[in-house]
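Colleague: This is the structure I want to talk about, given as structure tokens.
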Amino acid sequence: MSKHPELRFGMFLVPLAMLGLASCSDSDWDVVDGADPDFAVKAEHVQTVAGQSIKLAGTVKDADGIKDIRLECKEIGLNKTIDIISIYGEPLKEYELDFSYKIQQDVQGDSFNVDIYIDDVAGNTIKKTVLVTLDADFTAPV
């Protein structure tokens, strides 16, 4: 029997603690380059009228993997998260955003900023803003 049983116990706890720390990482996915995601939005200004839909579209790319995309605009009631990992089971390197949202008939205001946040698995976030204005002309010419 060893003179210092606490040393044997400590030798057991150190690897166990290291295993616990490794499992507490922010991401279960490998970081490739740690760079910010890239988002090429198709339109930075969308024109519509109340009661019609807007389309938010573009290509998202990230070497580390896209975690989620958040679309937010309090004034028009838009608060949507597209959880890429939950939907596809893993982060994607490329994603085609093609999201439609109907502007309610009773919306107050003439212009709104829709913020689009892209989060990757490395913990990077970028933000793009799309201007939505209610000045489109859908009336057929006479």
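The values are calculated or read from the model by the stated rules, or taken from the named source; none is laboratory data. Keep in mind it's a predicted model, so treat the numbers as computed, not measured. Methodologically, a virtual Cβ is constructed for each residue, glycine included, from the backbone with ideal geometry; neighbour enumeration extends over all protein chains shown. Heavy atoms of the whole protein, side chains included, go into the accessibility calculation; ligands, DNA and RNA do not. Shrake-Rupley method; radii C 1.70, N 1.55, O 1.52, S 1.80 Å.
Colleague: Would it be correct to say that residue 84 is without any contact (Cβ under 8 Å) to a residue 40 or more places away in the chain, among the aliphatic types (A, V, I, L, M) and closer than 19 Å to residue 36 by Cα?
Modeller: yes
Colleague: Right, here's the next one. Name the residues in segment 40-68 that are hydrophobic (A, V, I, L, M, F, W, C) and either out of contact with any strand residue (DSSP E or B) (no Cβ under 7 Å at 6 or more places or on another chain) or under 17 Å from residue 132 (Cβ atoms) (or both), would you?
Modeller: Hits for segment 40-68 are 41, 43, 46, 49, 50, 54, 56, 57.
Colleague: Output the qualifying pairs, or none if there are none: Cβ atoms under 9 angstrom, residues six or more apart or on different chains, first residue in segment 36-59 and on the phi > 0 side of the Ramachandran plot and touching a residue at least 24 places away in the same chain (Cβ under 8 Å), second residue in a loop (DSSP other than H, G, I, E, B) and not β-branched (Val, Ile, Thr).
Modeller: 51/104; 51/105; 58/42; 58/43
Colleague: Starting from residues that are among the aliphatic types (A, V, I, L, M) and outside any strand (DSSP E or B), keep the ones in segment 96-109 and report whichever is most open to solvent (accessible area, probe 1.4 Å).
Modeller: 107
Colleague: Considering only segment 118-142, state which residues are of a type in the set (Gly, Ala, Ser) and either more than 17 Å from residue 43 (Cβ to Cβ) or modelled with pLDDT of 95 or more (or both). Talk me through it step by step, then tell me what you get.
Modeller: So the first thing to find is which residues in segment 118-142 are of a type in the set (Gly, Ala, Ser), and the list is 122-123, 136, 140.
122, 123, 140, listed by residue number.
Colleague: Out of the residues in segment 110-124 meeting the condition of being open to solvent by 40 Å² or more (accessible area, probe 1.4 Å) and free of Cβ contacts under 8 Å to residues at least 60 places away in the same chain, tell me which one is farthest from the chain's Cα centre (by Cα).
Modeller: Per the criteria, the residue is 110.
Colleague: For the list (1) in a loop (DSSP other than H, G, I, E, B); (2) within 21 Å of residue 49 (Cβ to Cβ), I need the number of the one condition that residue 122 fails.
Modeller: Condition (2) is where residue 122 drops out.
Colleague: Restricting to segment 125-142, name every residue that is touching a residue at least 12 places away in the same chain (Cβ under 8 Å) and part of a loop (DSSP other than H, G, I, E, B).
Modeller: Those that are touching a residue at least 12 places away in the same chain (Cβ under 8 Å) and part of a loop (DSSP other than H, G, I, E, B): 134, 135, 136, 138.
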